[in-house]
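Report on the following structure.
Values quoted throughout were computed directly from the atomic coordinates according to the rules given, and no laboratory measurement underlies them. Small disclaimer: the values here were computed from a predicted structure and weren't measured. Note: ideal-geometry Cβ built from the backbone for every residue, glycine included; neighbour counts use all protein chains shown.
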Ligand code: KDO
């Protein structure tokens with residue numbers, strides 16, 4: 001006997017229902033496939049949210065959403081919340097992180113010639129920095145980074161010119177005036193050497209602890225570019241800025257080769273272009289900030305002084321040239337850097 005059909009089980013409805021569930025199933029599988037084919041891009045940086053090199057990651061994310069919709073899942077983590085400062089390259093090698101900004105100091109640990117860019121008063125200004133890294137010298141060095149760190153550099157960026165900031169007023173004209181000053185540096189050999197070359201007593205401390213260190217007096221001074229002094233609010237616990245301009249500092253937007261090597265040529269092009277846009281955004285904002293921040297800090301009651309730059313340059317350059325670091329600099333590289341842009 002033919003079973004009685006309830007109104008809901010009418011054959012047309014049944015067929016429509018199964019079509020709908022088939023469509024839903026297809027949608028689900030397509031969705032799952034999309035999710036699987038989406039490349040996870042986890043980004044970690046110690047940068048504070050208001051800093052340009054933190055905001056630039058949103059520029060990268062939004063560009064990728066436009067140019068490669070559904071292909072990347074970008075997760076941005078600021079304030080060293082995911083990995084502590086300097087631990088990013090290891091996290092990338094282990095497959096736990098895909099992107100970050102690397103400093104020359106991070107790279108110098110494995111590629112010794114990079115210590116040339118940790119040395120004070122080598123790079124003349126932001127334009128010189130970008131010419132060096134966007135030209136043949138950059139291409140050669142980035143090849144070494146790929147081999148040694150398994151990271152592809154997508155774009156260099158201008159992090160700013162590092163200046164000293166002190167929690168108390170002090171006459172600082174030459175490196176001798178920094179004798180005994182506890183100058184906070186990030187915690188690696190290369191950073192500490194820079195602090196020492198400046199004539200101070202370098203004290204290692206993570207970026208996230210600098211504000212407190214200045215406030216409580218654990219440290220007497222720190223060095224960072226003016227835009228970071230503002231975004232991380234160090235100026236609130238600083239009485240004096242001394243414009244040593246000792247390091248025209250660079251960061252590199254890097255991606256793990258584990259991710260990079262699995263991308264199609266088209267995806268590589270889009271990711272690289274998004275990284276270049278992010279770097280350009282950072283550079284423009286940072287340069288504009290550096291032009292007007294001295295006035296801002298003065299308006300906040302800080303004393304801004306200019307020391308004897310020749311004295312600083314001579315002392316710091318001599319310290320590097322006499323150090324073991326200089327022994328790792330490939331013959332002729334310093335001369336090529338000096339000749340770039342001239
Ligand atoms: C810092 O710790 O002083 C430093 O400026 C070092 C840079 O290489 C970079 O790590 C930077 O911090 C962070 O990105 C925070 O701005």
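Quick notes on this one:
- Cβ pairs under 7 Å, 6+ apart, first in the range 184-198 and closer than 16 Å to residue 165 by Cα, second part of a loop (DSSP other than H, G, I, E, B) and near the ligand (Cβ under 10 Å from one of its atoms): 184/205; 186/85; 186/86; 194/118
Residue-wise test of (1) out of contact with any helix residue (DSSP H, G or I) (no Cβ under 8 Å at 6 or more places or on another chain); (2) more than 26 Å from residue 191 (Cα to Cα); (3) loosely packed, with under 14 Cβ neighbours inside 10 Å.
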{"site": "282", "(1), (2), (3)": "no, no, no"}
{"site": "289", "(1), (2), (3)": "no, no, no"}
{"site": "293", "(1), (2), (3)": "no, no, no"}
{"site": "300", "(1), (2), (3)": "no, yes, yes"}
{"site": "315", "(1), (2), (3)": "no, no, no"}
{"site": "319", "(1), (2), (3)": "no, no, no"}
{"site": "326", "(1), (2), (3)": "no, no, no"}
{"site": "329", "(1), (2), (3)": "no, no, no"}
{"site": "332", "(1), (2), (3)": "yes, no, yes"}
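- Number of residues in the range 126-172 that are over 21 Å from residue 219 (Cβ atoms) and either away from the ligand (no atom under 16 Å from the Cβ) or assigned to a strand (DSSP E or B) (or both) equals 28.
- Residue in the range 220-233 that is within 24 Å of residue 66 (Cα to Cα) and either within 13 Å of the ligand (Cβ to nearest atom) or in contact with a helix residue (DSSP H, G or I) (Cβ under 9 Å, 6 or more places away or on another chain) (or both) present: no
- Filtered residue count, the range 181-191, keeping only those that are over 25 Å from residue 286 (Cβ atoms) and either within 12 Å of the ligand (Cβ to nearest atom) or outside any strand (DSSP E or B) (or both): 2
- Taking the listed residues 243, 194, 251, 214, the one that is part of a strand (DSSP E or B) and within 16 Å of the ligand (Cβ to nearest atom) is 251, with no other qualifying.
- So residue 249, is it under 19 Å from the mean Cα position of the chain (by Cα) and surrounded by 16 or more Cβ atoms within 10 Å (Cβ to Cβ): yes
- Test result for residue 210, buried (at least 17 other Cβ atoms within 10 Å of the Cβ), free of Cβ contacts under 8 Å to residues at least 60 places away in the same chain and under 20 Å from the mean Cα position of the chain (by Cα): yes
- Residues (under 25 Å from residue 318 (Cβ atoms), surrounded by fewer than 22 Cβ atoms within 10 Å (Cβ to Cβ) and touching a helix residue (DSSP H, G or I) at 6+ places or on another chain (Cβ under 7 Å)) located in the range 127-151: 137
- The single condition among (1) surrounded by fewer than 23 Cβ atoms within 10 Å (Cβ to Cβ); (2) within 25 Å of the chain's Cα centre (by Cα) that residue 155 does not satisfy is (1).
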